[in-house]
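Data block below; observations after.
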Amino acid sequence: MPSDPSAVAAIAAVRKQWDVLFNAGRLAELAELFYTEDAHALPPDTPHIEGRDEIRKFFQAFYDSGKVEFQLDVIRIEASGDYGYVTGNYTLSVTPHGGATQRWRGETNEAFRKGPDGAWRCCADMWHHVAEI
């Protein structure tokens, strides 16, 4: 089944806000906009996280660890019916309190689901670092 251009555009619009909201420290807003209540996150080197609020807490702790900045890009978005996915990449810069800056390049795969309210949200978010840069 071919992708629905309006669904692809809606997912792209939501995803475009992820790094903007994260980098601004607006993590409660990010969680509400981006993740379903029952979302799952699979971060690198960390156990599986379940639920929007737990994902927000994970990102809050990460954000509070120092200066953290993400930049996301899209490789591909596909969607039809009530489901879609994003394959993307990112760069991550982390400067822990009192530490040296580290930078990574990584890849991400996100599953999206259209909710009863018509909003597209991520229900499964998986990412991993490919290389330190």
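The values are calculated or read from the model by the stated rules, or taken from the named source; none is laboratory data. Every value quoted in this text rests on a predicted model; they were computed, and no experiment measured them. Reconstructed Cβ throughout: ideal geometry from the backbone, glycine too, with neighbour counts over all protein chains shown.
Candidates Q60, Q71: the one that is polar (S, T, N, Q) and in a helix (DSSP H, G or I) is Q60.
Of all positions in the range 33-48, at least one carries a residue that is of a type in the set (D, E, K, R), out of contact with any helix residue (DSSP H, G or I) (no Cβ under 6 Å at 6 or more places or on another chain) and part of a loop (DSSP other than H, G, I, E, B). If you go through the range 26-65 and keep only what is in contact with a strand residue (DSSP E or B) (Cβ under 8 Å, 6 or more places away or on another chain) and among the hydrophobic types (A, V, I, L, M, F, W, C), you end up with L33, F34, A39, A41, L42, I49, I55, F58, F62. So in the range 89-115, with the set limited to residues that are hydrophobic (A, V, I, L, M, F, W, C) and in contact with a strand residue (DSSP E or B) (Cβ under 9 Å, 6 or more places away or on another chain), which one is surrounded by the most Cβ atoms within 10 Å (Cβ to Cβ)? Filtering first and then ranking leaves F112.
Scanning the range 18-74 for residues that are within 16 Å of V94 (Cα to Cα), touching a residue at least 12 places away in the same chain (Cβ under 8 Å) and not basic (K, R) yields a total of 17.
Note on the range 96-131: residues that are out of contact with any helix residue (DSSP H, G or I) (no Cβ under 8 Å at 6 or more places or on another chain) and either in a strand (DSSP E or B) or among the hydrophobic types (A, V, I, L, M, F, W, C) (or both) total 20. The residue that is surrounded by the fewest Cβ atoms within 10 Å (Cβ to Cβ), among those in the range 75-88 that are in contact (Cβ under 8 Å) with a residue 40 or more places away in the chain and part of a strand (DSSP E or B), is S80.
Scanning the range 1-32 for residues that are part of a helix (DSSP H, G or I) and of a type in the set (S, T, N, Q), we see that the one that is nearest to K57 (Cα to Cα) is N23.
Residue-level analysis places L72 among those that are of a type in the set (A, V, I, L, M), surrounded by 18 or more Cβ atoms within 10 Å (Cβ to Cβ) and either modelled with pLDDT of 95 or more or under 19 Å from S3 (Cβ atoms) (or both).
Given the criteria touching a Gly at 6+ places or on another chain (Cβ under 7 Å) and farther than 23 Å from P2 by Cβ, does G99 qualify? Judged against the criteria, G99 is a match. Within the range 1-17, the set of residues being charged (D, E, K, R), in contact with a Leu (Cβ under 9 Å, 6 or more places away or on another chain) and touching a residue at least 60 places away in the same chain (Cβ under 8 Å) comprises just one member, R15.
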